[in-house]
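Encoded as structure tokens, the structure appears first; notes follow it.
The values are calculated or read from the model by the stated rules, or taken from the named source; none is laboratory data. Keep in mind it's a predicted model, so treat the numbers as computed, not measured. Every residue, glycine among them, receives a Cβ derived from its backbone with ideal geometry; neighbour counts consider all protein chains shown. These area figures cover heavy atoms from the full protein model, side chains too; ligands, DNA and RNA do not enter into them. Shrake-Rupley method; radii C 1.70, N 1.55, O 1.52, S 1.80 Å.
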Amino acid sequence: MEGLGESLGKRLFKARLEVIGELDRTASEATPASGGRVTEAPTSLRRDVAEVLHREVSAMNLDNFVVRPKRRLVEKYAKPAAWITLKPESLSELAHEVAGLPSEQDPEDEEAKRFDLLILRLQLAVLRAEPAFQRLSEQVKAIAGLLEEKTSIPMVQQQLPLILESSLTNGGRT
């Protein structure tokens with residue numbers, strides 16, 4: 001398995017690239033000639049994911065000794081225009097050369113990163129119509145069920161309507 005041994009941050013970066021790649025592939029297949037169309041939701045998701053990755057690359061310090069050998073690529077992808085259209089070669093370049101480079105963004109909580117990776121894997125399963133969707137969605141529902149019991153935490157309280165909605169889709173459990 002390719003992801004073994006890679007940092008969680010690098011796996012997140014690569015998963016986000018995969019989401020962009022799948023959304024771009026789907027958009028290219030949804031041409032007027034084929035009767036398909038691209039809705040705002042995938043376009044919005046693609047833009048949001050690209051912005052997250054762009055911010056991460058933009059926060060890479062070019063003077064860092066680990067980043068310095070990849071300076072040309074980091075400078076290239078630090079420009080917002082580079083993220084508008086990513087060819088397969090660009091996705092590969094980002095995954096193999098830029099993913100995992102240190103960024104000076106504020107570090108995210110480890111559990112939040114794990115949840116983000118779970119959600120990205122779920123999104124990829126939907127985009128690829130993979131059977132893993134069922135297992136991954138059950139994991140998300142289980143987490144939502146656990147969060148439902150933590151209403152004293154302000155962040156959980158803010159998201160309670162979404163958490164309850166997830167629980168309701170989990171066999172009516174509340």
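Computed across the chain, the Kirkwood hydrodynamic radius from all distinct Cα-Cα pairs reaches 18.0 Å. Projected label points at E104 and K76, each 7 Å from Cα along the beta carbon direction, are separated by 2.3 nanometres. Projected label points at S28 and V52, each 7 Å from Cα along the beta carbon direction, are separated by 2.3 nanometres. Shown for the chain: the carbon plus sulfur share of the solvent-accessible area, taken with all protein chains present and a 1.4 angstrom probe, equals 57%.
Phi angles of the range 94-101 translate, via the Karplus equation with coefficients 6.51, -1.76, 1.60 and θ = phi - 60°, into HN-Hα couplings of 5, 5, 8, 10, 9, 4, x, 5 Hz per residue; Gly and Pro are given as x. Go through K76/K141; K10/K79; K10/K87; K79/K141 and tell me which ones have a Cα-Cα distance over 31 Å in this structure. The pairs that break the limit, which is 31 Å between Cα atoms, are K76/K141; K79/K141.
The residues of the chain expose on average 63 square angstrom of accessible surface per residue, using a 1.4 Å probe on protein heavy atoms. Based on DSSP H segments of at least four residues, each scored -39500 (n - 2.57), the chain has a per-residue ellipticity at 222 nm of -18500 deg cm²/dmol. Taking the range 117-131 and a reference point 7 angstrom along Cα→Cβ of K150, the backbone N atoms nearer than 18 Å belong to 117-120.
The listed peptides 64-73, 88-97, 146-155, ordered by packing as a protection proxy, come out as 88-97, 64-73, 146-155 (highest mean of other Cβ atoms within 10 Å first).
Can you name the helices of the chain, as whole DSSP H runs, whose Cα span along the helix axis is 18 Å or more and whose Kyte-Doolittle mean is not below -0.5? What comes out of the filter, once short or polar helices are dropped, is 8-29, 110-127, 132-148. Relative to the Cα centre, the charge distribution of the chain, modelled as +1 at Lys and Arg Cβ and -1 at Asp and Glu Cβ, gives a dipole magnitude of about 380 debye.
Panel values: the range 38-97, Kirkwood radius from alpha carbon pairs, Stokes-Einstein at 25 °C and 0.890 mPa s, translational diffusion coefficient 199 µm²/s.
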